[in-house]
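These notes concern the structure reproduced below.
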Amino acid sequence: MRAFIKHSVLLVLLLLLSATHSYSQISPGDLSQAHAKLEGMTNCTQCHEIGEKVLDSKCLECHKEIQSLINNKKGLHANPDVVKKDCFQCHSDHNGRKFDMVRFDQDNFKHNQTGYQLEGKHKTIDCKECHKSEFIKDPELKKRNKTFLGLNQDCLTCHDDFHQNTLPKDCKQCHDFNAFRPATNFNHDDAKFKLLGKHVEVDCIKCHKETTQNGKKFQEFIGLAFEDCKSCHQDPHESKLPGNCKSCHTETDFKLFSGQGKFDHNTTNFTLKGKHSEVDCFTCHKESTDPTKVFQDNLRIKENNCVKCHKDVHEGKFGNDCAKCHTENTFLALKSMNAFDHNLTDYPLEGKHLDVDCRQCHKGSYTKTIDFSACNKCHQDYHKGEFKENGISPDCKECHSLQEGFDYSLFTLEKHQETTFPLKGAHVATPCFACHVGEKEQRWTFKNLGPDCNNCHKDIHEGFISKKFYPDKDCKICHSNDSWSQINNFDHSRTKFKLDGKHKEVDCKSCHFIEKSDNNAVMTQKFANLDSDCASCHENKHGDTFAIDGVTDCTRCHVTSSWFPENFNHNATNFPLEGKHAEIDCKACHISETINGKTQVIYKLKKFECIDCHT
């Protein structure tokens, strides 16, 4: 039905075009000057959809700048209350050439609908003061007459940059909309120079001078020197005092002195230390109201010239350099006394004594006599009288020296050989602490250690070796001092198994220590009731081949000197060796075969005909 109506209307329009009636008889009126180029029947569809009202989409096809604002949700046309309206509700046409399509009540217009709320002075100025073509950057919009488009919200769009690119572009950081001055949003605490004391009351112009720059009035806000008060203020001390003014003065009042504990006296020729740093300034310096004379007295006194200010209680006996012994912290607390020559006393200091603090020995007055006839007059006897003879302990210096300290001993190996236990073999290389430092007490001891091996060493054979071969647990029957694993002394012929041949070369452990784990970590000993049959230690590779009554006697063929069967007599077999047979290797006839998964050498042959071996 809708299609039929559209075609009907089109037919009517065509008939009208062919008629002699004028265009004005069907047009509602002339278009505005902005749309004048769209006059004529052929241009109706530029704005109108046949059979429909004027569509917003038609308007926005031409007015792309409005479409862009709507898309970006900016300006009046993107306002929720405005965007839902049809364009023709506000911008109607066919009202004549002079009709102003952009018209509204400017006095009552709600500017916050544009996304930019008017505040302060902005509320009172005429719209034309801001909506000027010279404030528009877009060249196309700039050509339009009386347009409200094209402005942005930056202050410098309309206002001159008073600061001439020396400050950030966001004017609202400091200014509000009521007036350019004062800069009510500016907080001086955010600047590098915070205002304190009298500075808070000073007018800005006092520090930020107005000048002319680039032909315009200019006020300087950055690049001002403020590291020291003298950057702005005259120095009343005429550069006679070093340091920063804030060391002695505050922003509250220049005449109020606050330098006690703040002024860096190290900038002068006299560094304050210890108690000097606690003394009031005017204890040493005279008070003066003349800023050019205050603190100018006592300028050439050296730090070590104590008697210039203090009374010499030693009356010159030790010279004027008090700092050799005393410090600024307290007169009674002395230094390390390095400058004092102890050689002038009856006890010259040597070795470790040179590093000892005086108070370690001089508990009271330095003039009090000290008994230094023996070390134990000052030092505790670490050995607790172990070396006493006839109730008297020898002096420590017989074993220790002042140069090396107590941990070092002068007791040499040669002296140890004079004791009841001379060191031999591996004992010579054993460190002293291995024997003389107890595991429980963890302290050195030298008396009653015992001469027997098991006084120090654990007896691992206890319960395994008969007392017959091991009387009184005397390790020396088998072992020597040279090496624990070396067995030199034991006579194996005393047992039921005399060693001969290769057995003499075998280590004892090979026969008497049995492994109980795969990694040899656990072993057990066995010395008694060992089986003397060869097969009890050696692998029987022949099985039962040579067994008699179930017993294989290896000695019928082998000897202990080697594995070669020296005792075997081939002539006693069923095949005596003759001629060339006596010269060939056994392996030539006695070959290996695999029987039941095991490789064996066949020694007992059942056939002896030549053809059995020779082809």
Practice task
Compare 599, 184, 330 by solvent-accessible area with a 1.4 Å probe and give them largest first, with all protein chains kept in place.
Solution key: 599, 184, 330
Practice task
Scan around residue 218 for amide H atoms under 5 Å from its own, H built in the peptide plane at 1.01 Å from N, and keep only partners 5 or more places away or cross-chain.
Solution key: 211, 212, 213
Practice task
Go through 74-82, 149-157 and give me the packing order, highest mean Cβ count within 10 Å leading.
Solution key: 74-82, 149-157
Problem - Under the Karplus curve 6.51 cos²θ - 1.76 cosθ + 1.60, θ = phi - 60°, whole-Hz ³J(HN,Hα) for segment 375-392, x wherever Gly or Pro sits - result: 4, 6, 6, 10, 9, 6, 6, 4, 7, 6, x, 4, 9, 5, 9, 6, x, 10
Practice task
With all protein chains present, calculate the accessible area of residue 586 using a 1.4 Å probe and round the result to the nearest 10 Å².
Solution key: 90
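Where does the charge balance sit around residue 264 when Lys and Arg score +1, Asp and Glu -1, over other residues with C-beta under 14 Å from its C-beta?
Cβ neighbours under 14 Å give a net charge of +2.
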Fill in the blank from the handout: From most to least accessible, 1.4 Å probe, no ligand or DNA/RNA atoms counted, 443, 103, 97 line up as 103, 97, 443
Completion exercise
Binned at 5 Å from zero, the C-alpha pair distances of segment 68-120 give percents of 4, 16, 21, 25, 17, 11, 4, 1
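What is the Cα radius of gyration of segment 353-404 over 2.2 N^0.38 Å, N being its residue count?
Values: Rg = 13.1 Å, N = 52, 2.2 N^0.38 = 9.9 Å.
Normalised by 2.2 N^0.38 Å, the Cα Rg of segment 353-404 equals 1.33.
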Exercise for the section: Over the alpha-carbon set of segment 100-151, divide Rg by the Kirkwood Rh and report the Rg/Rh ratio to two decimals. Expected result: 0.96
Exercise for the section: Using the Karplus curve 6.51 cos²θ - 1.76 cosθ + 1.60 with θ = phi - 60°, work out ³J(HN,Hα) for each residue of segment 177-190 in order, rounded to whole Hz, and write x for Gly and Pro. Expected result: 8, 7, 7, 5, 10, x, 7, 5, 7, 7, 10, 5, 5, 7
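Just to check, using Stokes-Einstein with a Kirkwood Rh over alpha carbon pairs, what's the diffusion coefficient of the chain at 10 °C and 1.306 mPa s in µm²/s?
The estimated diffusion coefficient comes to 37 µm²/s.
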Practice task
For segment 95-240, count the residues as N, evaluate 2.2 N^0.38 Å, and divide the Cα radius of gyration by that value, please.
Solution key: 1.51
Exercise for the section: Could you work out the relative contact order of segment 420-489, using alpha carbon pairs under 8 angstrom and six or more residues apart, expressed as a whole percent? Expected result: 31
Exercise for the section: Using θ = phi - 60° and the Karplus relation 6.51 cos²θ - 1.76 cosθ + 1.60, list the HN-Hα couplings for segment 357-366 in order, rounded to whole Hz, with x at every Gly or Pro. Expected result: 5, 3, 5, 5, 9, 8, 5, x, 6, 5
Problem - Using a Förster distance of 35 Å, the FRET efficiency for residue 592-residue 561 (Cβ separation, nearest 0.05) - result: 0.85
Fill in the blank from the handout: Result: in segment 109-190 the number of Lys pairs with C-alpha under 16 Å apart, spaced 8 or more or on different chains, is 11
Exercise for the section: Could you pull the accessible area for residue 490 with a 1.4 Å probe, rounded to 10 Å²? Expected result: 60
Handout entry: Over the chain, relative contact order from alpha-carbon pairs under 8 Å, at least 6 apart, %
Key = 4
Fill in the blank from the handout: Shape descriptor, segment 179-255: equivalent ellipsoid semi-axes (Cα gyration tensor, sqrt 5λ, whole Å, largest first) stand at 27, 16, 11
Exercise for the section: Report, to the nearest 10°, how far helix 2-18 tilts away from the longest principal axis of the Cα atoms in the chain, using its own Cα long axis and a range of 0 to 90°. Expected result: 40
Exercise for the section: Over all alpha-carbon pairs in segment 261-315, figure out the percentage whose distance exceeds 19 Å. Expected result: 31
Practice task
Could you grab the relative contact order for segment 465-615? Cα pairs under 8 Å, six or more apart, rounded to a whole percent.
Solution key: 12
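With n ≥ 4 as the cut-off for DSSP H runs, can you work out [θ] at 222 nm for the chain, using -39500 (n - 2.57) per run divided by the number of residues, rounded to the nearest 500?
Result for the chain: -2500 deg cm²/dmol, rounded to the nearest 500.
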Handout entry: Alpha-carbon radius of gyration plus Dmax, which is the widest Cα pair, for segment 548-615 in Å
Key = 13.9, 39
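The values are calculated or read from the model by the stated rules, or taken from the named source; none is laboratory data. Because the structure is predicted, anything quoted here is derived from the model rather than measured. A quick note on method: Cβ atoms are made from the backbone with ideal geometry, for glycine too, and the neighbour counts reach across all protein chains shown. Heavy atoms of the whole protein, side chains included, go into the accessibility calculation; ligands, DNA and RNA do not. Shrake-Rupley method; radii C 1.70, N 1.55, O 1.52, S 1.80 Å.
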